[in-house]
Amino acid sequence: MGSKNKLKRFRENETFSNVVQPTREEITNGNFKLKGNWNRDFFKSDKPLVLELGCGKGEYTVGLAQRFPDKNFLGIDIKGARFWRGAKTALEEQIDNAGFLRTQIELVDQAFAANEVSEIWITFPDPQIKYKRTKHRMTNFEFLERYKTILKPDGLMHLKTDSEFMHGYTLGLLHGLGHEVLYAHHDIYSNHMAPKEVVGIQTFYEKQYLEQDKAITYIKFKIN
Ligand SMILES: C[S@@+](CC[C@H](N)C(=O)[O-])C[C@H]1O[C@@H](n2cnc3c(N)ncnc32)[C@H](O)[C@@H]1O
């Protein structure tokens, strides 16, 4: 995408009522107004709050919001020019239970209060395979701890990825840490038992992997 197009999207994001773009300082200074108040002040409705981390264009945020009007969905990504797509679609189609937050996933435990979140979807994260990149892997121990602080005690986690490495790494970690795996499959489109929302929504990255005939994996789990 050209830089002119990006700038246009950045400007439009600023006018979108369903987009929040706080500075890092606004989140980390301890006074972030939306922390603990996402339903009351942003969605203006009291429903279970579901996050999509690394949402890209926001296919899951928008797709799930359409399928589950009784929940609120917030897509999070650092790249505003990407989620512009999902935000614009949600506005045009008047999907008022979908929104977007531009921030670093590392800050989730400062952007949300304890027990504020009911579910977290992680969709096609970069697997960060190299050893030195382990700290950026979105299901590593530190990230799981962050998710745990904001999730309700019975909160659900969903990981959808094409990466066999990410799938195996996460399963191993969950097993080792004694977390509860509720469902796992290494090739969801070959499994007729796969949950509808897992096979019924395809993200931008996912479509490219499917064209390359790659298997798509999924894990649903709880963090104890
Ligand atoms: C491989 S893409 C997947 C996007 C989308 N979920 C999809 O499946 O099409 C990973 C996304 O995560 C975002 N991302 C990666 N690390 C991040 C971080 N630490 N904080 C916020 N966003 C991040 C990137 O900007 C990118 O949009």
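The values are calculated or read from the model by the stated rules, or taken from the named source; none is laboratory data. These figures come from a predicted structure and were not determined experimentally. Every residue, glycine among them, receives a Cβ derived from its backbone with ideal geometry; neighbour counts consider all protein chains shown. SASA here: full protein model, heavy atoms, side chains in, ligands and nucleic acids out. Shrake-Rupley method; radii C 1.70, N 1.55, O 1.52, S 1.80 Å.
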For residue 214, counting only lysines whose alpha-carbon sits under 25 Å away and dropping same-chain residues fewer than eight positions off, the answer is 57, 130, 160, 196
If one builds a Gaussian network model of the chain from Cα atoms under 10 Å apart, the most fluctuating residue listed among 196, 148, 88 is 196
If the chain between residue 79 and residue 6 were fully extended at 0.36 nm per residue, the gain over the current Cα-Cα distance would be 25.3 nm
So, with points 7 Å from each Cα along the Cβ direction, the residue 67-residue 94 label distance in nm works out to 2.4
Per the rule of 0.36 nm per residue minus the C-alpha distance, extending residue 199 to residue 126 adds in nm 24.3 nm
Simple SL model, points at 7 angstrom along Cα→Cβ for residue 44 and residue 207; separation in nm is 3.2
Packing-ranked peptide list from 136-142, 166-172, 121-127, 49-55, highest mean Cβ count within 10 angstrom first, is 49-55, 121-127, 166-172, 136-142
In Å², rounded to a whole number, the accessible area per residue of the stretch 3-222 with probe 1.4 Å is 51
Extend 7 Å from the Cα of residue 106 along its Cα-to-C-beta direction; within the stretch 127-141, residues with backbone N under 13 Å of that point are 133-138
Share of accessible surface on carbon and sulfur in the chain, whole %, 1.4 Å probe and ligands ignored, is 50
For the pair residue 175 and residue 214, the simple spin-label estimate (label points 7 Å beyond Cα toward Cβ) gives in nm 2.3
Note, the stretch 111-126: 3J(HN,Hα) by Karplus (6.51, -1.76, 1.60, θ = phi - 60°), whole Hz, Gly/Pro = x, goes 8, 10, 7, 4, 6, 7, 10, 9, 8, 10, 9, 10, 10, 6, x, 5
Whole-number value, in Å³ per residue, for the convex hull of the alpha carbons of the chain is 134
